[in-house]
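**Student:** One structure follows; several queries about it will come next.
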Amino acid sequence: MAPPPIVQQKSSSPSQPSGYVFFLPSLSVLLLNRKPLRFLIPSYCLSRKSEVSDLKLQLRQLAGSRAPGADDSKRDLFKRVISYMTVGIDVSAAFSEMVMCSATSDIVLKKMCYLYVGNYARCHPDLALLTINFLQKDCRDVDPMIRGLALRSLCSLRVPNLVEYLVSPLSSGLEDGSPYVRMVAVLGVLKLYHISATTCFDSDFPASLKNLMLTDSDAQVVANCLFVLQEIWNLEANKSEEANRERETLLSKQTIYYLLNRIKEFNEWAQCLILELISKYIPSDSNDIFDIMNLLEDRLQHANGAVVLATIKVFLHLTMSMTDVHQQVYERLKAPLLTLVGSGSSEQSYAVLSHLHLLVMRAPMLFSSDYKHFYCQFSDPSYIKKLKLEMLTAIANESNTYEIVTELCEYAGNVDVPIARESIRAVGKIALQQYDVNAIVDRLLQFLEMEKDYVTAETLVLVKDLLRKYPQWSHDCIAVVGNISSKNVQEPKAKAALIWMLGEYSKDMPDAPYILENLIENWDDENAAEVRLHLLTAAMKCFLKRPPETQKALGAALAAGVADSHQDVHDRALLYYRLLQYDVSVAERVVNPPKQAVSVFADLQSSEVKDRIFDEFNTLSVVYQKPSYMFTDKEHRGPFEFSEEIGNLSLDQESMDNAPRFDESDKDLLLSTSEREENGGPSINGAATPGYSAPHDYNSSLVPLSSQTQSEPAVTSRTSFAIDDLLGLSMLAAPAPPSLKLNSKAALDPGTFQRKWGQLGVSISQEIPISPQGVGSLTTPQALIRHMQANSIHCIASGGQSPNFKFFLFAQKDDGSASFFLVECIVNTSSAKAQVKVKADDASASEAFFALFQSALSKFGM
Amino acid sequence: MISQFFVLSQRGDNIVFRDYRGEVPKGSAEIFFRKVKFWKEDEEEEAPPVFNVDGVNYIHVKVAGLFFVATTRVNVSPSLVLELLQRIARVIKDYLGILNEDSLRKNFVLVYELLDEVIDFGYPQTTSTEILKSYVFNEPIVVDAARLPTLGPASMFMQGAKRMPGTAVTKSVVATEPGGRKREEIFVDIIEKISVTFSSSGYILTSEIDGTIQMKSYLTGNPEIRLALNEDLGIGKGSASLYDYRSSAGGAVILDDCNFHESVRLDSFDVDRTLALIPPDGEFAVMNYRMTQEFTPPFRVNALIEEAGQLKAEVIIKVRADFATSVTANTITVQMPVPTYTSRVSFELEAGAVGQTTDFKEGAKRLEWCLKKIVGGAEHTLRTKLTFSQESHGNIAREAGPVNLNFTIPMYNASKLQVRYLQIAKKSPSYNPYRWVRYVTQSNSYVARL
């Protein structure tokens, strides 16, 4: 590729673009095409270097020129410099020339120069000093436009040793007669704060802003004051009491009403941020609530989706404690949200639909008659279709299931394969949550007749889940499943599901042993360990039901399994082998116990996590479907994390209990969701608890269960976690020495704790993992404290905020010896780890205690 | 708030790049582009508008084939940023007349100037073209609209421009005409996107209209405007019950819901359905509305697939225009996926067909039938013979379809929402600016199942 052409028409006027237009594409092509770039670098660097020095030369020639047309030439040169800057070429070498050329009255030139200076000043602090002079001079210009621009650029230099030059222009900027300059100056204060917080406080700028916020006539100045104060006090709140108080004042009734009464003066963006602030306000009584809602009612009709969502957040949070009003709010906000979904670009629809999704998930009942709005449209991008499918699944109930499932079946034949798959899964999920699944089962079986690979694969997985919940359908399903040729099933998940059914229903499927035999013959071609594990179990089950026909196949399977390179496959084969060797009837009890139908599959997200996301309405958390601590570090959680900051390490728990938590009242209202979740929990426990009392029973129910759950990690990963952990736990808990018992009523006063903590040495310090359920449950320290207390380990102090929590705990031996164990436990939920330090009066018992502690912690959240 | 803003071309190069807070590393544009380009490539999924890579949130909209992107580390309101990006695109379009890669590249200095005023230190300041006018000094370099290459379907804006005759809507708000004076005119467009799903037996399963009243004003001196809609216009489900026994076509127009631009005053809206506003410069939506009330769909579509002997099938697609003969629909595209094992296709257009083309997209296994125009009342049929490479199993109708229609119908709106009059407060007796009121209906999702 040829080097970029040198620009020749230097005298062209600004309205006629010259060479730079041709430069841009050629340079960007160079930057983009990775391969040719490698070869081009040498010549390219050369030409670039000569380009920059050429620019410098031309700039220098023009610097002092007063000739007519000089400004036009400068404009062209500046444009070229900035176009280089845009594509990422370092043109900082021309800094001094650019500054020399900046002495001009042409405002377009000035702006380009400011842009350039702002971009490079930070990397060249010494050169930045050159600009101070002309910027300061411009800050005193008669034209408010120039004053504002200069002040903005001055504050944007981001050079720490130049802050002294900022204070006086900022002070006069805040008092400038022009609102434009004041607007710029207010944000300048924030820029100064980020360069040097002390200078900012020493000059008492926050106080000036506070004053300005409450008195300025210009709405944008007021709004900017609010943004700046909010950001500063949020960042300072952890450091000083005063900042905390100042932050509170922003939420005082006086400030809130002042802003509310002026809300229509603000532009839509400022309105959004003000509404966000209001959503944090804690109203004094119900009149207060209704006043605010009446005042904001018409904001729901705004064409800007961000304003509407911010208003909805205010409404939802204000009415949290008023069940029936809260429900009315849901009804009220449906129409505006649906209009927004239809009116903007698909990106805007996505943001709105994500919020609608959240509301639907919380209260599916309230949306059950609106299901048609969530049908997928031909033009919807897949990210929107996915959301809609989930919503359709959630709102399906007795009255609309037929329509919804009919619609979903249409998508199953869709050309868009990922969506077709999701649709089939959706049908399956609806089947699992309904009481009358008759018709749905028929539809699913029809899918199998379509003979599309991916449809068959998805359907098999579903039929398997369905059979686990509704064993009574086995007859119909097995008849159809038996006709599927295993050759047409390639996806591991589907294959595993098919094999599971072959094993489980081998009695009803005449060909089962022979199909299994066939599959076992091709053992070596089977790449997925998941499938091989299932083959082993299925062969066992089949053998126990139809021994003569399966004996040979089982032998082959066990032989292949023991020789398998995969550890789990090997271990399972060996386990089966020894079980059979030991006693076939025991093997029967382990592998083929009478099964209870699974009543509810576990929910993927705990209700705490969902509540947390709801608290963070109108933020990215809703789109990601994750609370902010899972994707943002603390310092950037920004103005949206406002209310529930917990002091560093507080000894009194009163304050936290008073913090506004919405879960409880909300559950009353949204019974339908919570009911489901509550059913979800116990059923898993229900399946597992018998095992605690009777060990042999325990094993027999667990082994096949875990083998089933491994086959569908996507749908029920929670269950499999829970069971895996239980399995692991039973191993751990069993050998734990029964000698150490803890006093459930142990007491220790903080003073003594502190003294002991100082005196004793660390006997154990270790990092232990926390289960995903534990992480999910740990939205406040209280959850863990209660849990540990149930295990006779008491909390003396706790604090922090996700992802980091800190606990000081203690326990006492229950042998009257008054021997204490002290624990410092730092939990990081984002890494799912706990850093534990144990100190003990009796160091010899600390191992035993640590084992107890670890097992208690591992049970947290289940 | 927002840390960076940038615009990338379809190929991924920076056209504009502005860093407001210096919190996000410099390579962000490249990280963004790779992520978008290779988002689940195997499943051909589109990247969602919002995603997070290493703690940086990337939020983008696609306009005119360009990526408008904002990055931030803060847990911001996604709606706010997406609306803002869309608005920035619109402001730029107001200034440049046409928004595309070429015009952006030619005017990037102007765009920087705009960006400086729109966002300061990550906080949005103003997006009003009106207010920005007094801060922005670069003159736009106008790109010739006639030489524009056709853009992909991603560009709503260009679609908008395409249906407008002449230079009107591609005119910059600030640039002066060659003659040195601006023409006093105002454009009001009623644009409706309609979604209809027909069942295999031709029943309407779902139907919805998403409409918008767009305005673009080139009036000097900001006179007040009154826009009168149908007098019997009803809004909300409550009002629908009053008209329960209306006939589906002749009765009052009932909207499910609507929203308004902030400049709109609704003082007399409840009385005489009149909107009053002082239109700001530039293009904006006066009102958005949604309607699920029954309406007559502009096209009836019937599609049929039947086996015709071994390894053969016949497809018949019929399209009938159910609107007045004075109206003509433009550029109609009919698409239909056929079974994946289809190997050969032969089309048979009706006798004397003019301006119709057919195509078989081999890769996507899709029939495409394009008609230049369809006059109201007309009916067109396409017969297609398919040859299969293997035997079909079972129900062939489940392996094909649905049929999808794309079209634009100028001077037609399905909802029957009307602008009864557009009144401009008079400055002097001789003041009589041009007023353009247009109606356009576009397909959003127009599907007939088999």
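The values are calculated or read from the model by the stated rules, or taken from the named source; none is laboratory data. Since the structure is predicted, the reported quantities are computational estimates derived from the model, not experimental observations. Note that we place each Cβ from the backbone using ideal geometry, even for glycine, and neighbour counts take in every protein chain shown. For the accessible areas, the whole protein counts, side chains as well, though only heavy atoms, and no ligand, DNA or RNA atoms are used. Shrake-Rupley method; radii C 1.70, N 1.55, O 1.52, S 1.80 Å.
**Student:** With all distinct Cα pairs included, what does the Kirkwood hydrodynamic radius of the range B:251-338 come out to in Å, to one decimal, could you say?
**Tutor:** Mean inverse Cα-Cα distance, inverted, gives 18.1 Å.
**Student:** How much net charge surrounds A:His302 when only the other residues with a Cβ under 12 Å from the Cβ of A:His302 are counted, with Lys and Arg +1 and Asp and Glu -1? Could you put the intermediate results ahead of the total?
**Tutor:** Numbers: positive: A:Lys264, A:Arg299; negative: A:Glu268, A:Glu297, A:Asp298, B:Glu83, B:Glu262.
Spelling it out: positives minus negatives among the neighbours equals -3.
**Student:** On to the next question. Calculate, in whole percent, how much of the Cα-Cα pair population of the range B:267-417 lies beyond 22 Å.
**Tutor:** Of all Cα-Cα pairs in the range B:267-417, 54 percent lie more than 22 Å apart.
**Student:** At a Förster radius of 60 Å, what calculated FRET efficiency corresponds to the Cβ-Cβ distance of A:Glu331 and A:Leu57, to the nearest 0.05?
**Tutor:** Using R0 = 60 Å, I get an efficiency of 0.25.
**Student:** Taking all protein chains in place and a 1.4 Å probe, what share, in percent, of the accessible surface of the range A:750-858 do carbon and sulfur account for?
**Tutor:** The C+S portion of the solvent-accessible surface of the range A:750-858 is 49 percent.
**Student:** A further question follows. Take the alpha-carbon positions of the range A:209-251, form their convex hull, and give its projected area averaged over all directions (one quarter of the hull surface) in nm².
**Tutor:** Dividing the Cα hull surface by four gives the mean projection, 2.7 nm².
**Student:** OK, next. Once all Cα-Cα distances of the range A:501-619 are split into 5 Å bins that start at 0, what whole-number percent is in each one?
**Tutor:** Final binned percentages: 2, 11, 19, 18, 15, 9, 6, 5, 5, 5, 4, 2, 0.
**Student:** Okay, moving on. What number in nm² do you get for the range A:228-368 if you take the convex hull of its Cα atoms and divide its surface by four? Mind showing how you got there, number by number?
**Tutor:** On the way: hull surface 38.0 nm².
Seen from a random direction, the Cα hull of the range A:228-368 projects 9.5 nm² on average.
**Student:** Determine which lysines satisfy two conditions relative to A:Lys859: a Cα distance under 20 Å, and not lying fewer than 8 residues away in the same chain.
**Tutor:** Those lysines meeting the cut-off are A:Lys741, A:Lys806, A:Lys833, A:Lys837.
**Student:** Excluding A:Gln551 itself, calculate the net charge of residues whose Cβ lies under 14 Å from the Cβ of A:Gln551, where each Lys or Arg counts +1 and each Asp or Glu counts -1.
**Tutor:** Taking every other residue near A:Gln551 into account, the sum is +2.
**Student:** I need the peptides B:121-132, A:445-456 ranked by packing, meaning the mean over residues of other C-beta atoms within 10 angstrom, with the highest value on top.
**Tutor:** In decreasing order of mean packing, B:121-132, A:445-456 become B:121-132, A:445-456.
**Student:** About the Cα centre of chain B, what is the dipole size in debye to 20, counting +1 per Lys and Arg Cβ and -1 per Asp and Glu Cβ, all else neutral?
**Tutor:** Working: 51 positive and 54 negative charges, 180 e Å.
Here the size comes out at about 860 debye.
**Student:** Along the charge dipole of the range B:266-352, Cβ charges K/R +1 and D/E -1, which of B:Pro279, B:Ser346, B:Val334 sits furthest on the positive end?
**Tutor:** Going by the Cα projections, it comes out as B:Ser346.
**Student:** Under 17 Å between alpha carbons, and skipping anything fewer than 8 positions from B:Lys93 in its own chain: which lysines qualify?
**Tutor:** Once the sequence-local lysines are set aside, what remains near B:Lys93 is B:Lys62, B:Lys106, B:Lys133, B:Lys162, B:Lys171, B:Lys216.
**Student:** So if R0 is 35 Å, what FRET efficiency would A:Asp476 and A:Phe631 give, r being the distance between their Cβ atoms, rounded to the nearest 0.05?
**Tutor:** 0.20
**Student:** To the nearest Å, what is the center-to-center distance of the range B:423-450 and the range A:178-228, using C-alpha atoms only?
**Tutor:** Answer, in whole Å: 44.
**Student:** Under the 0.36 nm per residue contour assumption, what length would be gained going from the current alpha-carbon distance of A:Lys806 and A:Ser168 to full extension?
**Tutor:** 225.2 nm
**Student:** Could you tell me the center-to-center distance, by alpha carbons, between the range B:58-116 and the range A:157-172 in angstrom?
**Tutor:** The range B:58-116 and the range A:157-172 have Cα centres spaced 31 Å from each other.
**Student:** Pick out the long, greasy-scoring helices in chain B: whole DSSP H runs spanning 18 Å or more along their own axis by Cα, mean Kyte-Doolittle at least 0.0. Mind showing how you got there, number by number?
**Tutor:** Details: long enough: B:78-96 (27 Å, 0.58).
Membrane-span-like by this rule: B:78-96.
**Student:** Given A:Lys452/B:Lys312; A:Lys552/A:Lys595; B:Lys373/B:Lys426, which pairs have Cα atoms separated by over 30 Å?
**Tutor:** Result: B:Lys373/B:Lys426 exceed 30 Å.
**Student:** If you don't mind, another one. Which aspartates and glutamates have a Cα less than 15 Å from the Cα of B:Lys318, not counting those fewer than 8 places away in the same chain?
**Tutor:** B:Glu306, B:Glu348, B:Glu350, B:Glu368, B:Glu379
**Student:** Taking 7 Å along the Cα-to-C-beta vector as the label spot, tell me the B:Leu266-B:Ile316 distance in nanometres, rounded to one decimal.
**Tutor:** In this crude label model, B:Leu266 to B:Ile316 measures out at 5.0 nm.
**Student:** With every protein chain kept in place and ligands, DNA and RNA left out, what is the accessible area per residue of chain B? Probe 1.4 Å, answer in Å².
**Tutor:** That works out to 40 Å² per residue.
**Student:** Using a simple spin-label model with points 7 Å from Cα along the Cα→Cβ vector, what separation in nm is obtained for B:Gln390 and A:Leu129?
**Tutor:** According to this spin-label approximation, the distance is 7.8 nm.
**Student:** Same structure, new question: How large, in percent, is the carbon and sulfur part of the accessible surface of chain B at a probe radius of 1.4 Å?
**Tutor:** So the carbon and sulfur contribution to the accessible surface is 50 percent.
**Student:** Given a 1.4 Å probe, show me the residues in the range A:376-400 buried by at least 10 Å² of accessible surface when comparing the whole protein assembly to the chain alone.
**Tutor:** Residues passing the criterion (a loss of at least 10 Å², heavy atoms only) are A:Gln377, A:Phe378, A:Ser379, A:Pro381, A:Ser382, A:Tyr383, A:Lys386.
**Student:** Could you pull out every residue, at least 5 positions away or on a different chain, whose amide H is within less than 5 Å of the one on B:Asp256? Hs are placed 1.01 Å off N in the peptide plane, and Pro or chain starts have none.
**Tutor:** B:Gly236, B:Arg290, B:Met291, B:Thr292, B:Gln293
**Student:** Once label points are set 7 Å from the Cα along Cα→Cβ at both A:Ala207 and A:Tyr514, what is their separation, rounded to one decimal in nm?
**Tutor:** Taking the two extended label points, one gets 9.5 nm.
**Student:** If you take every residue apart from B:Thr274 with its C-beta less than 12 Å away from the C-beta of B:Thr274, what net charge results, scoring Lys and Arg +1 and Asp and Glu -1?
**Tutor:** -1
**Student:** No solvent, one uniform scatterer per C-alpha: report log10 I(q)/I(0) for the range A:750-858 via the Debye equation at q = 0.21, 0.23, 0.24 1/Å, two decimals.
**Tutor:** Rounded to two decimals, the profile gives -1.14, -1.35, -1.46.
**Student:** Something else: Determine the equivalent ellipsoid of chain B by diagonalising the alpha-carbon gyration tensor, then write out the semi-axes as square roots of 5 times the eigenvalues, largest first, rounded to whole Å.
**Tutor:** Working: eigenvalues 321, 197, 90 Å².
Over the Cα atoms of chain B, the semi-axes work out to 40, 31, 21 Å.
**Student:** How much FRET efficiency would the formula 1/(1 + (r/R0)^6) give for B:Lys40 and A:Phe290, where r is the Cβ-Cβ distance and R0 is 45 Å, rounded to 0.05?
**Tutor:** Approximately 0.40, to the nearest 0.05.
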